[in-house]
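Laboratory data are not the source of any read-out in this text; all were calculated from the coordinates shown. Nothing here was measured: the structure is a model prediction, and the numbers come from that model. Here the Cβ is made from the backbone with ideal geometry for all residues, glycine too, and neighbour counts use every protein chain on show.
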Amino acid sequence: MSLQSEIGTFVAAVLNYFDTAVQQPAVVGTPYLALGKAPEVFDYTGMIRISGKRKGVVYFTAPKGMLSVMLMRMQETDMSDANLRDLVGEVANTLSGNARKDFGRNFIISTPSVVAGSSTTIGYSPDTRPIVVPIDWRAYHANLVVCLN
Amino acid sequence: MNAARQHRLLIVDDSNIMRRKIERSQDIPQVEIVGLAGNGLEALALHEQTRPTLVTMDLTMPEMDGIECVEQLVGRDPDIRILVISALADKATAIEALEKGASGFLCKPFTERQVNDALVKLIEN
């Protein structure tokens, strides 16, 4: 499987989440390589780590405002930190599910984890080049970052 | 309790927003929600107290995962009907859940209609 189709699997997971759970589509921007500096991390990040045939990390990072409006669209009234963490965790969960479905047993995928804080550093191997896929929804901007060797 | 409600539903998911979404989505008149659990161990404890006839079950959870919980619930009550609701959409996971005794499988993310349709199927089957 090519890197392009591997990225497509993760992009499809995020778009499906917006289509189905949020019921309002998101738009994918032009992907780019994060060279020279680490990709921007927003307020909440849901990530999965991958090992096996490929190694690395894949994460969805979004600002609090975007996640709060997503929760509203999902009829949720509680915008607490716990629910915002839950939401990015659920997006990461779908990244994991799509990867298991499309990649099979060649990839070992961790349980999704969540970190909060835009000053967070997401660790990845220096021999990988993170690919940033901008995700735009309403007036908000999030990133899907795929960092696999 | 409403006598017309013949089915008692326990919702099991480690995500609060997912538990609440399933709770809000459920609009089948015959179904009464009797409990919400955040992991398999809580589900087993609530099963003792509430004796559900239907369960929605997440798979990836702390303490005790959904597959083990399905197996234990079916061991306690072979007639219990369990709908697995998970983002782990690969065939092997679905087959494993069904082999352990689950009655249906719904992939996350889902719409309100999808969860209701899946619960109706579970009841009718």
* To do: Place a +1 charge on the Cβ of each Lys and Arg in the protein assembly as shown and a -1 charge on the Cβ of each Asp and Glu, then give the dipole magnitude about the Cα centre in debye, rounded to the nearest 20.
  => 620 debye
* Structure fact -> Averaging 1/r across every pair of distinct alpha carbons in chain B and inverting yields a Kirkwood hydrodynamic radius, in angstrom, of 14.1 Å
* Over the range B:50-110: Kirkwood hydrodynamic radius from C-alpha pairwise inverse distances, Å -> 11.4 Å
* Structure fact -> Listing A:Tyr59, A:Tyr32 by rising number of other beta-carbon atoms within 10 angstrom, fewest first, gives A:Tyr32, A:Tyr59
* Using θ = phi - 60° and the Karplus relation 6.51 cos²θ - 1.76 cosθ + 1.60, list the HN-Hα couplings for the range A:33-42 in order, rounded to whole Hz, with x at every Gly or Pro. => 7, 7, 9, x, 9, 5, x, 5, 10, 9
* Structure fact -> Footprinting proxy, A:Val88, A:Val11: sorted fewest to most Cβ within 10 Å, the residues are A:Val11, A:Val88
* **Estimated [θ] at 222 nm from DSSP helical runs (n ≥ 4, -39500 (n - 2.57)) normalised by residues in chain B, nearest 500** => -13500 deg cm²/dmol
* To do: Mind putting together the pair-distance distribution for chain A? All Cα pairs, 10 Å bins, whole percent per bin, short to long.
  => 12, 46, 34, 8, 0
* Rg and Dmax of the protein assembly as shown, Cα atoms, in Å? -> 19.0, 66
* Asked: Can you sort B:Glu42, B:Glu68 by how many other beta carbons sit within 10 Å, fewest first?
  -> B:Glu68, B:Glu42
